[in-house]
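This report concerns only the one structure given below.
Derivation of every value follows stated rules applied to the coordinates shown; laboratory data play no part. Keep in mind the model is a prediction, meaning the values are calculated, not measured. Note that we place each Cβ from the backbone using ideal geometry, even for glycine, and neighbour counts take in every protein chain shown.
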Amino acid sequence: MIALGGDGTILRALQLAMTQHAAVLGVNFGHVGFLADIHGDELAGALESLVRGDALLDERTALVATIGGEPARRVIAFNDVVVARLPGFGSARLRVVVAGEALLVLSGDGVVIASPTGSTAYTVGAGGPAVAPSLDAIVITPLASQGTPLRSLVVDGSEIVRVEPEAQSAPLSIEIDGRETHAMPAPASLEIRAAARKARLVRTRPRTFYRDLATRL
């Protein structure tokens, strides 16, 4: 699949491609284009590389979010899952459970749970780390939280992360990759784990994550 646009367009293409296990070639017509492989004027050369069989596949961890309720809903996130308070109703009060252990109790704006790919998006803006996309990990970053000294936490990609609203919490929304929003049901929880299938991006030329950080951020 060829995605012409910015990172939002490429994320949408990954959603469509995932069901067929197809790879996505991102062509940057946006501003940052962190996920893109090439710019628009390089498309012809990239297609020739594909025909020759010179292209590489860059596999990325995706997240599966299961939103509790009747019925439960499952959605795929390639960047992040954000649980955030609805303004005007007080603070988000959340319990974050990792591998069955209650890890954090947060009171603030919410929490971002990101893949390594998504760590350079909202997570970095919220004070979290930029994580190399080759790592199998999940990044947990509180948003404007009181009562915890942790700015961010990186856990193994095999762990299951659960977010549970506390009784006193403001109403919550769940945002998937910055574009898809769901209401957080109460008292149900949100469970996030790494997807069994990887997202696949096409690379037609050598590049490194560290060079991208230096030039694009």
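If you take the alpha carbon atoms of the chain and fit the smallest convex hull around them, that volume is 119 Å³ per residue. Between Met1 and Glu48, the C-beta separation translates, for a Förster distance of 22 Å, into a calculated FRET efficiency of about 0.75. Computed from backbone phi, the HN-Hα couplings of region 53-67 come to x, 8, 6, 10, 10, 9, 8, 10, 5, 10, 10, 10, 10, 10, 9 Hz, rounded to whole numbers (Karplus: 6.51 cos²θ - 1.76 cosθ + 1.60, θ = phi - 60°; Gly and Pro given as x). The separation of region 166-217 from region 1-66, counted between C-alpha centres, amounts to 17 Å.
What full-extension length gain, to one decimal in nm, is calculated for Glu166 and Gln20 as 0.36 nm per residue of separation minus the Cα-Cα distance? Mind dumping the intermediate values first?
On the way: separation 146, 0.36 × 146 = 52.56 nm, distance 3.83 nm.
48.7 nm is the gain from fully extending Glu166 to Gln20.
Across region 96-103, rounded Karplus estimates of 3J(HN,Hα) from the backbone phi angles (6.51 cos²θ - 1.76 cosθ + 1.60, θ = phi - 60°) give 10, 10, 10, 6, x, 9, 5, 9 Hz, Gly and Pro being marked x.
Relative to 2.2 N^0.38 Å, what does the C-alpha radius of gyration of region 1-70 come to as a ratio? Two decimals please.
Numbers: Rg = 14.0 Å, N = 70, 2.2 N^0.38 = 11.1 Å.
Normalised by 2.2 N^0.38 Å, the Cα Rg of region 1-70 equals 1.27.
Evaluated at q = 0.19, 0.24, 0.30 Å⁻¹, a Debye calculation over the C-alpha positions of region 147-202 (equal weights, vacuum) places log10 I(q)/I(0) at -0.99, -1.24, -1.21.
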